[in-house]
1. Within segment 58-92, which residues are assigned to a loop (DSSP other than H, G, I, E, B) and more than 16 Å from Ala110 (Cα to Cα)?
2. Restricting segment 287-303 to residues that are of a type in the set (D, E, K, R) and in a helix (DSSP H, G or I), which is nearest to Leu26 (Cα to Cα)?
3. What's the total number of residues in segment 91-134 that are of a type in the set (Gly, Ala, Ser) and in contact with a strand residue (DSSP E or B) (Cβ under 9 Å, 6 or more places away or on another chain)?
4. Checking the conditions here, which among Ser92, Ser49, Ser57 is touching a residue at least 12 places away in the same chain (Cβ under 8 Å), among the polar types (S, T, N, Q) and within 16 Å of Asp118 (Cβ to Cβ)?
5. With segment 115-196 as the region, which strands (runs of 3 or more DSSP E) entirely inside it contain at least 2 residues that are open to solvent by 40 Å² or more (accessible area, probe 1.4 Å)?
6. Within segment 228-239, track down each residue that is out of contact with any Ser or Thr (no Cβ under 8 Å at 6 or more places or on another chain) and open to solvent by 30 Å² or more (accessible area, probe 1.4 Å).
7. Return the residues of segment 10-46 that are in contact (Cβ under 8 Å) with a residue 12 or more places away in the chain, away from the ligand (no atom under 16 Å from the Cβ) and part of a loop (DSSP other than H, G, I, E, B); say none if nothing qualifies.
8. In segment 271-293, which residue that is open to solvent by less than 40 Å² (accessible area, probe 1.4 Å) and away from the ligand (no atom under 15 Å from the Cβ) is farthest from Ala318 (Cα to Cα)?
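The values are calculated or read from the model by the stated rules, or taken from the named source; none is laboratory data. Not measured: the values here are computed from a predicted model. All Cβ positions, glycine included, derive from the backbone under ideal geometry; neighbour counts span all protein chains shown. What goes into the accessible areas is simple: the full protein's heavy atoms, side chains included, and nothing from ligands, DNA or RNA. Shrake-Rupley method; radii C 1.70, N 1.55, O 1.52, S 1.80 Å.
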Amino acid sequence: MSFPRHRYRRLRQTESLRALVRETSLEPADFIAPFFLVPGEGVRQPVPSMPGVDRVSPDLAAEDARGLAALGIRGVILFGIPETKDAEGSPSADPDGPVCRAIRAIKSAAPSLVVFTDVCLCEYTSHGHCGLLNGQQIDNDATLGVLAKEALAHARAGADVVAPSDMMDGRVAAIRTALDAEGFSSVPILSYAAKYASGFYGPFREAAESTPAFGDRRGYQMDPANAREAIKEILADVEEGADMVMVKPAMSYLDVVRAAREATLLPLAVYNVSGEYAMVKAAAANGWIDGKRVTLELLTSMKRAGADMILTYHAREAAEWLA
Ligand code: PBG
């Protein structure tokens, strides 16, 4: 019989005691902060559905990044909103596009930050899909070369890590081969290995202007009902040469995060996506939840599930709260 000899409340009596037996830690170094980059200079445009998140030009991104580094954040991930789009997503490899300019600006303003870049075509294609079209179909194999060019452009601009999020089959191998052939064998790949076709990306698509013009992404992103398939995706990307893998979204997929943690020894990232952020902000703004408390609880749950790092729009405020 455990009770009354065992009383679990004994170890919960003071904050110091609770801190000593705490199983999961949360610190600013766990966070990777997303940036939405727009062309120009001195541009800052708030994203209405994501209070506290702005679209910024590369110069202001560099300033913001310096502030994040001072808070102990170690990583940022860049998304670009280009001036023009076309059917092939060719602006994705523009060395003077907002992402490449921001890489250079951030690396010079805050050299210690690890600069990740999102490698995908949806922000760059006129139709908003993550790959090239063949009629109404997304052509997997034709897309691989374009993704590899985008990743190369980022590496040439100085990106520390490239992160493909398109969910085409074989893109990790294609990007690895291209990077190695061009002298970038030291640039790691963080693969969005298990990325679900999720309703939680809504606010991101508004911010990144990447809503598909027709259809949806269910033909390439994963079915939310599947967990075993996520492990197949992860193991395939490991096989293809991924250095780190990601599960996305986070909140509703913590079982997948745990399974991923057990299936691979590679570092594991989780993406606390835009819709998750928007829900917390909306409820907090209404006074229905305590925003700080709920945010830290959510981020802790992602670490507890097995994530080593969290891509999150809460990065700055959470780092401030944890200081
Ligand atoms: C695709 C991409 C998306 C997100 C990150 N990379 C959107 C999508 O697949 O439609 C979503 C991130 C978020 O919702 O915060 N480039």
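1. Within segment 58-92, Ile81, Pro82, Glu83, Thr84, Lys85, Ala87, Glu88, Gly89 qualify.
2. From segment 287-303, those of a type in the set (D, E, K, R) are 290, 292-293, 297, 303; that's our starting set.
Subset that is in a helix (DSSP H, G or I): 292-293, 297, 303.
On the way: Lys292: 14, Arg293: 13, Glu297: 10, Lys303: 7 Å.
Selected residue: Lys303.
3. Going through segment 91-134, the residues of a type in the set (Gly, Ala, Ser) turn out to be 92-93, 97, 102, 105, 108-110, 112, 126, 128, 131.
Imposing the further condition that a residue be in contact with a strand residue (DSSP E or B) (Cβ under 9 Å, 6 or more places away or on another chain) reduces the set to 92, 97, 102, 110, 126, 131.
Residues meeting the conditions: 6.
4. Numbers: Ser49 fails: within 16 Å of Asp118 (Cβ to Cβ); Ser57 fails: within 16 Å of Asp118 (Cβ to Cβ).
When all the criteria are applied, what remains is Ser92.
5. Values: elements: 132-134, 137-139, 161-164, 190-195.
The strands (runs of 3 or more DSSP E) meeting that bar are 132-134, 137-139.
6. Filtering segment 228-239 for residues out of contact with any Ser or Thr (no Cβ under 8 Å at 6 or more places or on another chain) gives 228-233, 236, 239.
Within segment 228-239, Arg228, Glu229, Ile231, Lys232, Glu233, Ala236, Glu239 qualify.
7. First pass over segment 10-46, keeping only residues in contact (Cβ under 8 Å) with a residue 12 or more places away in the chain: 23-44.
Next, from what is left, pick out any that are away from the ligand (no atom under 16 Å from the Cβ): 23-30, 39-44.
The answer is Glu23, Thr24, Ser25, Leu26, Glu27, Pro39, Gly40, Glu41, Gly42, Val43.
8. Residues of segment 271-293 open to solvent by less than 40 Å² (accessible area, probe 1.4 Å): 271-278, 280, 283-284, 291.
Those left that are additionally away from the ligand (no atom under 15 Å from the Cβ): 283-284, 291.
Numbers: Ala283: 17, Ala284: 15, Gly291: 11 Å.
If we take residues in segment 271-293 being open to solvent by less than 40 Å² (accessible area, probe 1.4 Å) and away from the ligand (no atom under 15 Å from the Cβ), then Ala283 is farthest from Ala318 (Cα to Cα).
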